[in-house]
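Okay, structure first, notes after.
The values are calculated or read from the model by the stated rules, or taken from the named source; none is laboratory data. Values in this document were obtained by computation on a predicted structure and should not be read as measured data. Virtual Cβ from ideal backbone geometry, glycine too; neighbours counted across all protein chains shown. Protein only, heavy atoms only, side chains kept; ligands, DNA and RNA dropped before computing areas. Shrake-Rupley method; radii C 1.70, N 1.55, O 1.52, S 1.80 Å.
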Amino acid sequence: MKDSRLLTVWCPDWPVVAACTATNTAPDVPVAVLDGNEIVSTSAVARREGIRRSMRKRAAEAMCPELVTFEHDPQRDARFFEPVAEAVEELAPGIEVVQPGLVAVPAQGPVGYFGSAEQAAERIVDHIATRTGAEAQIGVAESLFAATKAAHRNVIVPPESTAEFLRPLGVHELDAPELVDLLRRLGLKTLGAFAEVPESAVASRFGGPAVRQHRLARGLPERPLDKRRPAPELAVRETFDEPIARIDAAAFAARHLAERLHENLAARSLACTRLGILARTETDEELHRVWRAAEPLTPRGIADRVRWQLDGWLTRERLTSGIRTLTLEPVEVVNGTALQLGLWGHDDERAVRALLHVQGLLGPDAVLTPVIDGGRGPKEQVRLVPWGDEKTPARDPDHPWPGRLTRAPATLADDPAQLKDDAGQDVGVTGRLELTAKPRTLTFKGRTRDITAWAGPWPVDERWWAPDPHRAARVQVQTSDQAFLLIRRDQRWFLEGVYD
């Protein structure tokens with residue numbers, strides 16, 4: 001029977017390893033890598049000093065004054081990981097880079113060649129150590145998620161035993177903090193307990209993103225396999241008049257080709273989840289690498305991976321000339337309806353091109369579009385996500401949220417406001433949810449309006465189980481030309497929204 005498992009190779013603490021390699025930092029020094037002010041990776045020495053991921057920099061340095069810190073640099077991680085990827089590919093052709101520090105390959109090839117998964121794992125680990133000096137761990141299981149968790153534990157999961165392997169693991173293994181917090185409060189503390197919940201119940205209660213996490217907990221791929229083979233004409237190719245030999249030129253080429261590839265896919269309502277990068281040098285050297293992504297790639301995601309890969313190739317000592325031709329091909333595609341491929345429809349190519357250009361210049365967060373979410377207040381019901389990212393509600397918008405506004409305001413705000421009565425006194429809210437006086441005027445941003453009608457107040461009693469519960473009250477007021485939504489919290493009024 002065909003072995004359908006994946007073999008993953010994981011290098012622990014790779015951001016730290018790459019940073020230390022780049023700076024020749026001694027291995028016995030406590031090291032942490034920071035993203036902004038938060039620790040995202042630590043060395044084993046730092047962990048022995050009590051330093052953990054998600055700690056703030058100041059708290060970590062107070063705990064360990066000799067801690068050495070580096071800024072997170074994915075390009076640096078990818079550059080130093082390329083020799084490791086090459087070493088794995090020498091024994092297991094057809095690898096896919098999931099992220100710097102983690103590669104995956106169908107287990108059937110190396111297991112068949114070396115006789116068993118255990119022997120394949122031993123040979124690959126020894127070969128990586130000999131070629132690069134890096135430490136590695138191997139995991140084998142029937143899904144990428146499970147194989148990655150197996151690699152973290154240096155475990156080879158027997159065929160058809162993936163669900164059993166995942167069952168006792170904690171739900172914190174899922175990369176979905178809000179869902180994990182909710183599952184724990186519901187008493188579902190293990191992946192096995194979450195997997196036992198019917199998928200239909202997960203879909204109706206938690207929404208689409210939770211269904212994907214539920215598939216992972218059951219040992220299934222994140223999404224059903226799509227057997228369609230991408231059409232050859234989807235690939236994009238560029239031949240350069242001057243061969244690429246510098247990283248800045250590589251970054252420009254990556255962004256340009258990523259936009260073209262994304263446009264090709266968007267025109268067919270497709271999105272890429274496995275990206276092939278092919279390069280040919282002046283001296284006819286051929287280079288090829290496949291990157292695998294858990295989520296459909298945005299233009300920025302494509303450009304990042306191309307730039308990282310070119311950086312890894314261009315800094316290799318054995319690359320004898322610059323890159324003459326660069327090709328990007330979608331190795332695997334999914335239905336693009338899960339992505340926001342346009343704001344005005346897929347036919348407006350000029351708008352799509354303009355948005356891609358803005359994202360390429362200013363980053364993905366420069367173009368945002370709204371997603372209708374579940375929740376009670378207006379800010380919870382609308383969430384802004386980068387254009388091109390998955391347009392899936394984080395909370396079920398159809399769930400009957402107690403106290404939910406039936407009509408959210410068209411414009412959201414959070415401005416201090418004053419609500420006065422006929423005597424010019426502040427209008428408050430009593431413990432019995434009654435206004436202390438009839439509201440007469442509304443003032444915000446220096447302008448006062450006369451109130452012609454009002455409704456409320458309605459209680460806002462959220463997170464009552466938490467140490468800092470959120471209690472407030474909302475009212476709606478009508479002036480001669482507009483309607484407004486106000487909220488009273490901490491004994492003050494705030495304008496929360498404006499109705500059309």
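Volume per residue of the convex hull around the Cα atoms, evaluated for the stretch 102-210, comes out as 116 Å³.
The relative contact order of the stretch 124-250 comes to 18 percent, based on Cα pairs under 8 Å that sit 6 or more residues apart.
Placing +1 on the Cβ of every Lys and Arg and -1 on the Cβ of every Asp and Glu, with no other charges, gives the stretch 161-270 a dipole of roughly 500 debye about its Cα centre. Extension gain for Tyr113 to Arg53 (0.36 nm times residue separation, less C-alpha to C-alpha distance): 17.7 nm. Solvent-accessible surface of the stretch 246-310, taken per residue with a 1.4 Å probe and all protein chains present: 38 Å².
Heavy-atom surface analysis with a 1.4 Å probe gives the stretch 85-181 a carbon and sulfur content of 49 percent of its accessible area. For an R0 of 41 angstrom, estimate the FRET efficiency from the Cβ-Cβ distance between Arg489 and Asp73 and round to the nearest 0.05. Efficiency, rounded to the nearest 0.05: 0.50.
For the stretch 1-104, averaging the sequence separation of C-alpha pairs within contact (under 8 Å, six or more residues apart) and dividing by the residue count gives a relative contact order of 31 percent. Rg of the Cα atoms in the stretch 13-66, relative to 2.2 N^0.38 Å, amounts to 1.01. Given points 7 Å out from each Cα along the Cα-Cβ axis, report the Val498 to Thr239 separation in nanometres with one decimal. Between Val498 and Thr239, the simple spin-label model gives 5.7 nm.
Taking 0.36 nm per residue of separation and subtracting the current Cα-Cα distance, fully stretching the chain between Asp415 and Met63 would add 122.8 nm. Taking 0.36 nm per residue of separation and subtracting the Cα-Cα distance, full extension of the segment from Glu285 to Glu434 would add 45.9 nm.
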